[in-house]
Amino acid sequence: DIVFDEEYCYKVKAVYEEGESNPTETTCGLVPDPAGYSVLDTPEMQVNAGESFVLEVNMNNLVPVAGFQFTLNDSPDLLQVTNVEGAPRIENFLLESNVQEDGSVIIIGFDVQGNPIEIGNGAILEITLSSSYVLSPAEVNLVFSQVYVGDPQGNQIPLFANTGIITLVPEGAAVLSIQSGELDTGEQIELDLSLSSESPVGG
């Protein structure tokens, strides 16, 4: 029966056979009403492994947005960002992106012409990614971190950033395998290396 946005305070103590412990210090907190939060997310997608595709980043914002910054990371690291473009909702924004050594990308966008993102729901970014080859279906989590979204007055907007899922399907994936063998210490052995592929291999 918790009421949203109402502060609750509590303290904890342990109960033993010999008696009760001293209580902890009092801690206070509240549960924000999710209806008052904007949402940043990506759609769930299924793509062929080894191919490029375009991922939309969507925002359902309850107030105008004048700027945003976040890091987007794929786990496991099977996707590579090749291009970041703004969707029509941010056509007047200055947009910058920077791919990090760990494969994550930092994206910054802000309004420079007095045209913030209007209240609504829809894509704000179109990110082109290339996917690695996999031999079995693999799920990749797209995780937002260090998220900041601000209104035209510079105030931070309450926002949920949801994890997205990309499923890589190994359609036509090549299989590289090596023969097993047995030998004594100091001996040499010859093993066959084989490649099975449904399409021509150039290297």
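I want to confirm something. Restricting to the range 143-197 and keeping residues that are of a type in the set (Phe, Trp, Tyr) and surrounded by 13 or more Cβ atoms within 10 Å (Cβ to Cβ), which single residue is farthest from Leu40 (Cα to Cα)? In this case the residue turns out to be Phe144.
When the range 143-162 is examined, which residues are found to be at positive phi and hydroxyl-bearing (Ser, Thr, Tyr)? Those that are at positive phi and hydroxyl-bearing (Ser, Thr, Tyr): none in the range 143-162. Of the residues making up the range 1-44, those that are open to solvent by less than 50 Å² (accessible area, probe 1.4 Å) and hydrophobic (A, V, I, L, M, F, W, C) are Ala14, Val39, Leu40. Scanning the range 183-202 for residues being without any contact (Cβ under 8 Å) to a residue 12 or more places away in the chain and at negative phi gives a total of 9.
Candidates Ile106, Ile119: the one that is of a type in the set (Val, Ile, Thr) and under 11 Å from Asn73 (Cα atoms) is Ile106. Looking across the range 143-154, the residues that are of a type outside the set (S, T, N, Q) and either under 20 Å from the mean Cα position of the chain (by Cα) or part of a strand (DSSP E or B) (or both) come down to Val143, Phe144, Val147, Tyr148, Val149, Gly150. For beta carbons closer than 7 Å, sequence separation of 6+ or different chains, a first residue in the range 27-48 that is assigned to a loop (DSSP other than H, G, I, E, B) and a second that is at pLDDT below 90, the qualifying pairs are Leu30/Asp5; Val31/Ile2; Val31/Phe4; Pro32/Phe4; Pro32/Asp5; Asp33/Phe4; Asp33/Asp5. Taking each residue of the range 164-181 that is modelled with pLDDT of 85 or more and part of a strand (DSSP E or B) and looking for partners that are open to solvent by 60 Å² or more (accessible area, probe 1.4 Å) and aromatic (Phe, Trp, Tyr) with beta-carbon atoms closer than 8 Å, six or more apart or interchain, yields nothing. Would you confirm whether any residue within the range 83-102 is over 30 Å from Val134 (Cα atoms), touching an Asp or Glu at 6+ places or on another chain (Cβ under 8 Å), open to solvent by 50 Å² or more (accessible area, probe 1.4 Å) and touching a residue at least 24 places away in the same chain (Cβ under 8 Å)? Checking the range 83-102: at least one residue is over 30 Å from Val134 (Cα atoms), touching an Asp or Glu at 6+ places or on another chain (Cβ under 8 Å), open to solvent by 50 Å² or more (accessible area, probe 1.4 Å) and touching a residue at least 24 places away in the same chain (Cβ under 8 Å). Within the range 56-82, restricting attention to residues that are of a type outside the set (D, E, K, R) and outside any strand (DSSP E or B), which residue is surrounded by the most Cβ atoms within 10 Å (Cβ to Cβ)? It comes out as Ala66. Name the single residue, out of those in the range 160-197 being over 32 Å from the mean Cα position of the chain (by Cα) and among the acidic types (Asp, Glu), that is nearest to Ala49 (Cα to Cα). Restricting to residues being over 32 Å from the mean Cα position of the chain (by Cα) and among the acidic types (Asp, Glu), the top hit is Asp192.
Scanning the range 121-142 for residues that are in a strand (DSSP E or B), surrounded by fewer than 16 Cβ atoms within 10 Å (Cβ to Cβ) and either at pLDDT below 95 or on the phi < 0 side of the Ramachandran plot (or both) yields Asn121, Glu126, Thr128, Ser130, Glu139, Asn141. Check the range 83-106 and report whether any residue there is within 19 Å of Gly150 (Cβ to Cβ) and under 14 Å from the mean Cα position of the chain (by Cα). The answer is yes; a qualifying residue exists. Being over 20 Å from Ser130 (Cβ atoms) and in contact (Cβ under 8 Å) with a residue 60 or more places away in the chain is the requirement here; does Val63 meet it? Yes: the conditions hold for Val63.
The values are calculated or read from the model by the stated rules, or taken from the named source; none is laboratory data. Fair warning: this is a prediction, and the values are worked out from it, not measured in the lab. No Cβ is skipped: glycine too gets one built from the backbone with ideal geometry, and neighbour counts run over all protein chains shown. Heads up: the accessible areas ignore ligands, DNA and RNA and are worked out on the full protein's heavy atoms, side chains in. Shrake-Rupley method; radii C 1.70, N 1.55, O 1.52, S 1.80 Å.
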